[in-house]
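Heads up: the structure comes next, in structure tokens.
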Amino acid sequence: LGGNGTISGATTVASGAFLTPGNSPGNITFGDGLDLEGTYVWELAALSTSSPGTNFDTVTITSGNVDITGAAISLSLGAFAPTNVAFWQTDQTWTGILNNTGGGSLTGSFAAINNSAWSALGAFSTQNVGNDVNLVWTAVPEPSTWALLAGSLTILTIFRRRRH
């Protein structure tokens with residue numbers, strides 16, 4: 001199930017099926033709840049966490065409950081996959097990749113994301129916040145950051161020893 005627009009009836013994306021919002025990327029809206037048992041294929045189209053539906057996919061639910069128990073998320077990153085550029089060296093959050101604007105509840109959480117392709121740089125995870133779901137990137141600090149921290153702790157230890 002994919003594309004832009006609004007589906008007004010209650011919707012189930014069954015296990016083994018895919019939800020692909022928008023048209024590289026975009027937004028699809030559900031007007032009477034969503035039961036997602038399959039895979040949400042999330043696409044990134046810019047190194048940006050702003051402009052959902054333009055720079056990255058989003059799913060909007062305007063009414064009804066959302067159940068993502070048993071759902072998976074697959075990342076379609078293309079040329080924007082994590083590399084050694086500044087954007088990926090800091091933590092990032094894409095707010096509302098599942099944006100529940102109605103009064104319905106959110107049940108469940110997405111399965112863990114396979115981060116093996118970029119694990120040296122960081123990891124993606126999802127985060128339930130109220131009735132919405134965010135996608136979060138947690139960057140691995142550069143080795144120089146760890147060296148700076150270790151050096152600072154060493155100096156602090158020496159300073160404390162001299163004071164005593």
- Of all residues in the stretch 112-124 being surrounded by 15 or more Cβ atoms within 10 Å (Cβ to Cβ) and small (Gly, Ala, Ser), the one that is nearest to Tyr40 (Cα to Cα): Ala123
- If you go through the stretch 83-111, how many residues are loosely packed, with under 15 Cβ neighbours inside 10 Å and among the aliphatic types (A, V, I, L, M)? 3
- Message: For the stretch 48-93, which positions are of a type outside the set (Ser, Thr, Tyr), touching a strand residue (DSSP E or B) at 6+ places or on another chain (Cβ under 9 Å) and under 16 Å from Ser24 (Cα atoms)?
- Response: Pro52, Gly53, Asn55, Phe56, Asp57, Val59, Leu75, Leu77, Gly78, Phe80, Ala81
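Looking at the stretch 1-104, what strands (runs of 3 or more DSSP E) fall wholly within it and have at least 2 residues that are modelled with pLDDT of 95 or more and more than 17 Å from the chain's Cα centre (by Cα)? If you could, list the steps in order and put the result at the bottom.
Numbers: elements: 5-7, 11-13, 18-21, 27-30, 34-36, 39-43, 58-61, 72-76, 92-100.
Counting at least 2 such residues, we get 5-7, 11-13, 27-30, 34-36.
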- State the number of residues belonging to the stretch 50-82 that are open to solvent by 50 Å² or more (accessible area, probe 1.4 Å) and under 17 Å from Gln92 (Cβ atoms). 7
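The values are calculated or read from the model by the stated rules, or taken from the named source; none is laboratory data. Not measured: the values here are computed from a predicted model. Cβ: placed from backbone, ideal geometry, glycine included. Neighbour counts: every protein chain shown. For the accessible areas, the whole protein counts, side chains as well, though only heavy atoms, and no ligand, DNA or RNA atoms are used. Shrake-Rupley method; radii C 1.70, N 1.55, O 1.52, S 1.80 Å.
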